[in-house]
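The values are calculated or read from the model by the stated rules, or taken from the named source; none is laboratory data. Quantities reported herein were computed from a predicted structural model and do not represent experimental measurements. When we count neighbours, we look across all protein chains shown, and the Cβ atoms used for this are built from the backbone with ideal geometry, even at glycine.
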Amino acid sequence: MRPTRLALLALLLLTLAPIAASTQAQTDQRCFPETGQCIADSIRAYWERNGGLAVFGFPITAQAAETVEGAPLQVQWFERDRLEIQPNGHVTAGRLGVERLEQMVTPWQQGPAAPAGPSCTAFPETGHQVCGAFAAYWRANGELERFGFPVTGEFTAELEGKPYTVQYFERRRFELHPEIGPNVVLLGLLGREVLNVRQGQPPVTQPPAPQPPAPQPPAPSYNNCQADPNAGVAPNSPVKIVGINDEREEVSLQNISSAPVSLDSWIMCSIRGNQRHDGIGGSLAPGETRTFPYTGPGTIWSNSDPDDGALYNPQGQLISYWRD
C-alpha cells in the first residue's frame with residue numbers, strides 16, 4: 001500500500017525537528033569575535049537588558065560552574081563583572097569590588113559614619129558616603145542591586161599609568177574620566193583584574209607616570225580668622241575644602257593626598273564672622289571626604305551674605321580657601 005500524503009508529512013516533520021532544535025540553540029547564543037566567547041540564555045538576557053557592552057564589557061570566559069562564597073553556581077566572567085546564576089534562577093553581579101580590595105591587601109573597613117555632606121548620600125551599613133558625579137551615576141544605573149554599598153570613600157588611584165578619582169562599591173569600582181568630559185563616570189575592568197590575579201597573572205599596568213611634587217603651603221598667616229592675604233595662593237593640599245553648608249553649619253573636607261592626615265589642632269574659619277568652626281579633628285584617610293558639623297555655641301556661618309572659609313594647619317599656614 002502506498003503511504004498517504006499525511007504520513008509523508010509527519011515523517012518530514014520528525015526528520016526536521018532535530019535540525020530546528022539545533023538551529024534554535026545556536027540562535028540563543030550571541031558570540032563576540034573580539035574575545036572568542038559567547039553568551040546565552042539567562043546571562044545573555046541579563047547582559048542585554050542591563051547595559052550590555054558599556055556596563056559589562058565583553059565576555060572573557062565561557063559559562064562554567066564555580067564556588068562563590070561557599071555556594072556552587074554557574075558563572076561567566078566579563079571584562080567589568082562576573083555574572084552569577086543563583087539557585088532560584090536569578091542572575092546577579094558578583095561582589096568584585098570587595099574581592100579586588102582583598103587581593104590588593106587593602107580590605108574594606110567600616111567608614112566614619114559622618115552625616116551626609118552636600119550632594120552626598122550616607123550609608124550607615126558601611127559608614128561611607130557617595131557624592132557628586134558618583135552619587136548621580138549610582139542612582140541612575142541600578143543602585144544597590146547593581147553596585148551594592150560603597151565600601152571606600154573617593155580617593156586617587158593610578159590606572160594604566162594615570163591618576164584617576166575612584167571609589168569602590170561591593171560589586172564595582174567607579175572611575176571619573178575628565179579626559180572624556182566633565183563628570184563622566186566609567187566602570188572599572190574588575191572582571192579582568194580579579195580573574196588575572198586568580199590565574200596568577202598580574203593585571204596589565206603601565207609604568208607609573210611621574211607625579212609633580214605636592215604644592216607647599218604659604219608662610220603662616222593665621223590671624224584670628226581675619227581676612228587672609230594668602231587666599232589666592234592656598235594650595236588646597238593635602239586637605240581641600242569641598243563644601244560649606246551655611247544653613248546646616250557644616251564643613252566638608254577631603255584628603256586629596258595618598259597618606260592619612262590628622263586634623264587635630266587644625267583651624268577652620270568663617271572669614272565674614274571672624275569665628276572658628278569648632279569640631280574639626282580626627283584623621284582623614286587618603287581620598288576620604290568627611291563632613292564636620294559646627295559644635296560650638298550659637299551659629300557662625302552667614303546665610304544671607306557671602307562667607308568665605310579658610311582652613312589652617314597647626315602651624316597657622318593656610319591650607320585651603322573656599323570662596324562663597
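Within region 101-132, which residues are closer than 23 Å to G188 by Cα and either touching a Lys or Arg at 6+ places or on another chain (Cβ under 7 Å) or without any contact (Cβ under 8 Å) to a residue 12 or more places away in the chain (or both)?
Hits for region 101-132 are E102, M104, V105, T106, P107, Q109, A122.
Of the residues that make up region 286-300, is at least one among the small types (G, A, S) and farther than 30 Å from W108 by Cα?
Looking for residues that are among the small types (G, A, S) and farther than 30 Å from W108 by Cα, one finds at least one in region 286-300, hence yes.
Residue-by-condition table, conditions (1) within 12 Å of S320 (Cβ to Cβ); (2) among the small types (G, A, S):
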| position | (1), (2) |
| --- | --- |
| G232 | no, yes |
| I241 | yes, no |
| I244 | yes, no |
| W301 | no, no |
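Could you check, for region 179-193, whether at least one of its residues is surrounded by fewer than 21 Cβ atoms within 10 Å (Cβ to Cβ), within 20 Å of S257 (Cβ to Cβ) and not charged (D, E, K, R)?
Within region 179-193 (the criterion being surrounded by fewer than 21 Cβ atoms within 10 Å (Cβ to Cβ), within 20 Å of S257 (Cβ to Cβ) and not charged (D, E, K, R)), the answer is no, since none of the residues qualifies.
Suppose we keep only residues that are at pLDDT below 90 and among the small types (G, A, S) within region 78-128. Which one would you say is surrounded by the fewest Cβ atoms within 10 Å (Cβ to Cβ)?
Looking at residues that are at pLDDT below 90 and among the small types (G, A, S), I get A113.
Quickly run through region 24-39 and pick out the residues that are closer than 23 Å to P87 by Cα and at pLDDT below 95.
Those that are closer than 23 Å to P87 by Cα and at pLDDT below 95: A25, D28, Q29.
Only residues in region 144-156 that are under 15 Å from T92 (Cα atoms) count as the first member; pair them with residues that are modelled with pLDDT under 90 and surrounded by fewer than 23 Cβ atoms within 10 Å (Cβ to Cβ), Cβ under 9 angstrom, at least 6 apart or cross-chain, and list the lot.
R146/N50; R146/G51; R146/V55; F147/N141
Within region 47-75, track down each residue that is surrounded by fewer than 17 Cβ atoms within 10 Å (Cβ to Cβ) and at positive phi.
G51, G52, E69, G70
Output the strands (runs of 3 or more DSSP E) that fall wholly within region 83-153 and possess 3 or more residues being touching a Gly at 6+ places or on another chain (Cβ under 7 Å), or say none.
128-131
Quick check on this structure: which one of I271, I267, I280 is under 15 Å from P297 (Cα atoms), more than 24 Å from the chain's Cα centre (by Cα) and of a type in the set (A, V, I, L, M, F, W, C)?
Checking each option against the conditions leaves just I280.
Can you tell which of R139, R100, R82 is closer than 27 Å to E249 by Cα, among the basic types (K, R) and out of contact with any His (no Cβ under 8 Å at 6 or more places or on another chain)?
Only one candidate passes the filter, namely R139.
Please enumerate the residues belonging to region 287-310 that are over 16 Å from A113 (Cα atoms) and surrounded by fewer than 21 Cβ atoms within 10 Å (Cβ to Cβ).
T295, G296, P297, G298, T299, S302, N303, S304, D305, P306, D307, D308
Within region 292-324, which residues are farther than 17 Å from S237 by Cα and either out of contact with any Gly (no Cβ under 8 Å at 6 or more places or on another chain) or of a type in the set (S, T, Y) (or both)?
Once the filter is applied, which keeps residues that are farther than 17 Å from S237 by Cα and either out of contact with any Gly (no Cβ under 8 Å at 6 or more places or on another chain) or of a type in the set (S, T, Y) (or both), region 292-324 yields Y294, T295, P297, G298, T299, S302, N303, S304, D305, P306, D308.
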